[in-house]
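K.L.:
Pasting a structure here, questions to come.
The values are calculated or read from the model by the stated rules, or taken from the named source; none is laboratory data. The shown structure was predicted, so the numbers you read here are calculated from the model rather than taken from an experiment. Methodologically, a virtual Cβ is constructed for each residue, glycine included, from the backbone with ideal geometry; neighbour enumeration extends over all protein chains shown.
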Amino acid sequence: MVLLIPNDFPRFRGGGVPVQQSSSSTSPTLLDRVREFDAAAWDRLTKLYGPIVYRWCRQAGLQDNDAADVSQEVFRAVAGGIGEFHREKPGGGFRAWLWTITRNKIRDHFRWLSRRPGGIGGSEANERLQNVPDRVIEELDPLGDFDTTGCVAHRALEFVRLEFEERTFQAFVRTTVGGQRSAEVALDLGMSVGAVCTAKWRVLRRLREELDGLI
């Protein structure tokens, strides 16, 4: 599933300033770069959260094609509202905001289905429409879903990996993910113990910066 930048994405920025086609922003956080309408940042955001939104849609009972279509609508709404999103608000985390948009788009989808000629109708449609959001909430806690957090962090790590030398990144992975001792990793990679600790700190700091406000 490919999530594209909406055709009207530039118009969401005041004055109709075009989307930046390269990542020229100096902001270390992905969220801030998206709010500056950086096209590369938008692409990264959809790759991080597109699969999550799609999974939420599938768990709501949508078929593959419908889930993909609703996901597109979700990110169109994100593009339109990202400038007004403020993570400092109570309950204003990005994931909570994204879940609210997704839930509303799922509801819209089932309302649309109930109005289609030859589609489900009457009490069956009403019952399905009313039960879907409740069932999704019961089955999924998007704000405390460890798997969701882990998936987003893993994808983000693959992005920031490109910003480091391979040895630096391997020092981080082997100590933080693999749980190896710094001395052992230092010996294997031909680094000092201090350099391994520094590598671990640098990659972890960059990952936290990138995901600030997103998980």
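K.L.:
Condition first: β-branched (Val, Ile, Thr) and surrounded by fewer than 12 Cβ atoms within 10 Å (Cβ to Cβ). Now tell me which residues in segment 169-198 satisfy that.
P.N.:
VAL177
K.L.:
Taking the conditions exactly as written (in a helix (DSSP H, G or I), among the hydrophobic types (A, V, I, L, M, F, W, C) and at pLDDT 90 or above), does VAL78 satisfy them or not?
P.N.:
In short, yes.
K.L.:
While we're on this one: Would you confirm whether any residue within segment 48-59 is assigned by TED's automatic domain parsing to the domain that holds PRO28, more than 18 Å from LEU30 (Cβ to Cβ), more than 15 Å from the chain's Cα centre (by Cα) and part of a helix (DSSP H, G or I)?
P.N.:
At the first step, the residues of segment 48-59 found to be assigned by TED's automatic domain parsing to the domain that holds PRO28 are 48-59.
Going one step further and asking which of them are more than 18 Å from LEU30 (Cβ to Cβ), we end up with 54-59.
Right, trim to more than 15 Å from the chain's Cα centre (by Cα) and you get 58-59.
Going one step further and asking which of them are part of a helix (DSSP H, G or I), we end up with 58-59.
Among the residues of segment 48-59, at least one is assigned by TED's automatic domain parsing to the domain that holds PRO28, more than 18 Å from LEU30 (Cβ to Cβ), more than 15 Å from the chain's Cα centre (by Cα) and part of a helix (DSSP H, G or I), which makes the answer yes.
K.L.:
Follow-up question, since we're still on this one. List every residue pair whose Cβ atoms lie under 6 Å apart, where the two residues are 6 or more positions apart in sequence or sit on different chains, the first residue falls within segment 101-114 and is within 15 Å of ASN65 (Cα to Cα), and the second residue, located anywhere, is surrounded by 14 or more Cβ atoms within 10 Å (Cβ to Cβ) and modelled with pLDDT of 90 or more.
P.N.:
Between residues of segment 101-114 that are within 15 Å of ASN65 (Cα to Cα) and residues that are surrounded by 14 or more Cβ atoms within 10 Å (Cβ to Cβ) and modelled with pLDDT of 90 or more, the close pairs are LYS105/VAL70; LYS105/GLU73; LYS105/VAL74; HIS109/VAL70.
K.L.:
Turning to a different aspect of this structure: Only residues that are in contact with a helix residue (DSSP H, G or I) (Cβ under 7 Å, 6 or more places away or on another chain) and not in a helix (DSSP H, G or I): list them for segment 170-215, please.
P.N.:
GLN180, MET191, SER192, ASP212, GLY213, LEU214, ILE215
K.L.:
Only one of these conditions is not met by LEU189: (1) within 30 Å of LEU98 (Cβ to Cβ); (2) in contact (Cβ under 8 Å) with a residue 12 or more places away in the chain. Which number is it?
P.N.:
Answer for LEU189: the failing condition is (1).
K.L.:
A follow-up question, please. Of the conditions (1) crowded, with 19+ Cβ neighbours inside 10 Å; (2) more than 14 Å from GLY213 (Cβ to Cβ), ASP64 fails just one. Which one is it?
P.N.:
Evaluating ASP64 over (1) crowded, with 19+ Cβ neighbours inside 10 Å; (2) more than 14 Å from GLY213 (Cβ to Cβ) leaves (1) as the failure.
K.L.:
Go through segment 25-74 and report how many residues are among the aromatic types (Phe, Trp, Tyr) and touching a Phe, Trp or Tyr at 6+ places or on another chain (Cβ under 6 Å).
P.N.:
0
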